[in-house]
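*Asks:* Let me give you the structure first, and then I'll get to my questions.
The values are calculated or read from the model by the stated rules, or taken from the named source; none is laboratory data. As the structure is a prediction and not an experimental result, all values here were calculated from the model. Counting neighbours? That spans all protein chains shown, and the Cβs are built from the backbone with ideal geometry, glycine included.
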Amino acid sequence: MSFNVAIDGPAGAGKSTIAKKIAKKMGYIYVDTGAMYRAMALFFIENGIKAEETDKINTKCKDADITITHENGEQIVLLNGKNVNGMIRTEEVGNMASASSVNREVREKLVELQQKLAKKTDVIMDGRDIGTVVLPQADVKIYLTASSAVRAKRRYDELTAKGERVDFDHIEQRIIERDHRDMTREISPLKQAEDAIRVDSSDMGIDEVVDTIIKLCQNKQSK
């Protein structure tokens, strides 16, 4: 039997960073669902499709083959056979991913791929609806969150470190708007699963969050 861990939460809560560290320490396969949605969003952008062009998204998403492999301990996201790791972390792609992920056809295609992988091996997945939709039977479910100000500061620091000129208030406003969009969308809205454990990382360091979740996994495995 495979052991599955689901981490949900809003944008900028640190889900991916935390999940990757846990996967490395526990020997799980890290499935970055957000990266899969970003790869799909990149596919739409490359094909000149806008977020509001629902019919085109419905049709075109079927042509996207998105897989995740691991080479030398690094996750590789493949879009139609091409490594797109260096292209899916832009603001444009992130906003397109948030907008296009409400599309039923897009979600169904990606969820099927994610569930197939989880049945075969021990995985940890992070996203918006892992514990509620993708892996409702996950052994451990976490809802990882942080205040909008803390999440905006993390994003601000990340972008300025890359040499980009950004406005903090604008970033926080975009995060608040994205939270609202993710929580109120019709299909698979962001919400805490009833059996998920809430972890607020606002005042916690990365290692502290990692250790907290690993203990929860170890307690579950020992039962």
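*Asks:* Just to be sure I understand, how many residues within the stretch 1-19 are assigned to a helix (DSSP H, G or I) and within 11 Å of residue 124 (Cα to Cα)? It would help to see each step written out before you state the result.
*Replies:* Pass one, the stretch 1-19, residues assigned to a helix (DSSP H, G or I): 15-19.
Applying the additional criterion that residues be within 11 Å of residue 124 (Cα to Cα) yields 15-16, 18-19.
Residues flagged as assigned to a helix (DSSP H, G or I) and within 11 Å of residue 124 (Cα to Cα) within the stretch 1-19 amount to 4.
*Asks:* Please note which helices (runs of 4 or more DSSP H) are completely contained in the stretch 20-127 and include at least 2 residues that are crowded, with 17+ Cβ neighbours inside 10 Å and aromatic (Phe, Trp, Tyr).
*Replies:* Working: elements: 33-46, 54-60, 91-100, 104-120.
Counting at least 2 such residues, we get 33-46.
*Asks:* How about the stretch 104-131: which of its residues are polar (S, T, N, Q) and in contact with a Ser or Thr (Cβ under 7 Å, 6 or more places away or on another chain)? Reasoning before the result, please.
*Replies:* Our first condition is that a residue be polar (S, T, N, Q); within the stretch 104-131, this holds for 114-115, 121.
Matches in the stretch 104-131: 114, 121.
*Asks:* Related question: Need the failing condition index for residue 74 against (1) farther than 28 Å from residue 52 by Cα; (2) over 17 Å from the mean Cα position of the chain (by Cα); (3) among the acidic types (Asp, Glu), just the number.
*Replies:* (2)
*Asks:* Among the residues of the stretch 135-154, is any closer than 23 Å to residue 65 by Cβ and in the same structural domain as residue 195 (by TED's automatic domain parsing)? Write out each step before concluding.
*Replies:* Initially, the stretch 135-154 is screened for residues closer than 23 Å to residue 65 by Cβ, giving 135.
So of that shortlist, the ones also in the same structural domain as residue 195 (by TED's automatic domain parsing) come out as 135.
Scanning the stretch 135-154 turns up at least one residue that is closer than 23 Å to residue 65 by Cβ and in the same structural domain as residue 195 (by TED's automatic domain parsing).
*Asks:* Okay, next question. Mind checking which pairs have a first residue in the stretch 172-196 that is assigned to a helix (DSSP H, G or I) and a second that is hydroxyl-bearing (Ser, Thr, Tyr), Cβ under 8 Å, 6 or more apart or different chains?
*Replies:* Hits for this filter: 172/148; 175/148; 176/148; 178/98; 179/148; 181/98; 182/98.
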